[in-house]
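Structure first, commentary second.
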Ligand code: NCD
């Protein structure tokens, strides 16, 4: 007999956790997106809550700052009827490992069903997941993965374009430091989209040629024929030393404005995970242009996607959809 734990472990990376997009199959991604589609409707209704997670406890454990990810996980868990606790821990760089495991063990003793964890070190969330009994969702670990962001981006695109398959998607800017880019590359490749990375050489990760993407150092060349343009925040807090000559110069060559966007398809849409540096990686007016920008929709989809992930993990349903 297959146990509940085995069912989930078979479907997700790690053991009953959602640690990354890498390793998820296309049918599992589609299952989560289909589930999330239903939650979009629920979130637009007057009554937004169900009792699917009634009696369950979700702990949001954030060692790094967050606005939209934290609030949307909190809302997602509450809309499913769970009890939610937010723990915001300032991470001390010296005692990081010790703090992480100590905190995890302390919280584990309180029997949470799900822990949603964000940490500035790549791999820290996986380490924590090996020490606790409940399910763990990675809400961003260093520059490694941010799976729910990629899922919410995919949902946003799918609802506008119908399908991810065959779309040309450009991911632009600070790719080297971006867990959002890494998770999106895995997801888009798995779903059959064509991925282009556009960045100065200093902001491209070392092993980029193994990621199944095409790279460009020139925005206008890279944006040609694109359906979706994903802009990334310049993550100054993760940079040691100088990666870009100056902010002004960065905007001139890699900032998205109407002129550069004109190289993409006429119906191309613009995305950004937030928080945005207006005038650094994206022109402020373009970010607010409702005809071109999906940035607000991304935030809305974030709640629905996180509800779907909490649903799938706690109910062990990720494998119910037939394999593609
Ligand atoms: C991203 C993150 O924290 O990785 N933001 C987010 O989750 N909305 C991207 C970023 O910080 O630039």
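The values are calculated or read from the model by the stated rules, or taken from the named source; none is laboratory data. The shown structure was predicted, so the numbers you read here are calculated from the model rather than taken from an experiment. A quick note on method: Cβ atoms are made from the backbone with ideal geometry, for glycine too, and the neighbour counts reach across all protein chains shown.
Screening residue 316 with (1) crowded, with 20+ Cβ neighbours inside 10 Å; (2) modelled with pLDDT under 95; (3) closer than 27 Å to residue 25 by Cβ; (4) within 16 Å of the ligand (Cβ to nearest atom) gives one miss only, at (4).
The set of residues from segment 63-97 being within 16 Å of the ligand (Cβ to nearest atom), modelled with pLDDT of 95 or more and touching a strand residue (DSSP E or B) at 6+ places or on another chain (Cβ under 7 Å) comprises 69, 70, 73, 74, 86. Against the definition (touching a strand residue (DSSP E or B) at 6+ places or on another chain (Cβ under 7 Å) and surrounded by fewer than 24 Cβ atoms within 10 Å (Cβ to Cβ)), how does residue 122 come out, yes or no? So residue 122 fits the description; yes.
The set of residues from segment 137-161 being closer than 18 Å to residue 37 by Cβ and either within 13 Å of the ligand (Cβ to nearest atom) or touching a strand residue (DSSP E or B) at 6+ places or on another chain (Cβ under 9 Å) (or both) comprises 147, 148, 149, 150, 151, 152, 153, 156, 157, 160, 161. Of all residues in segment 216-263, those satisfying the criterion of being at pLDDT below 95, part of a helix (DSSP H, G or I) and within 16 Å of the ligand (Cβ to nearest atom) are 236, 237, 238, 247, 250.
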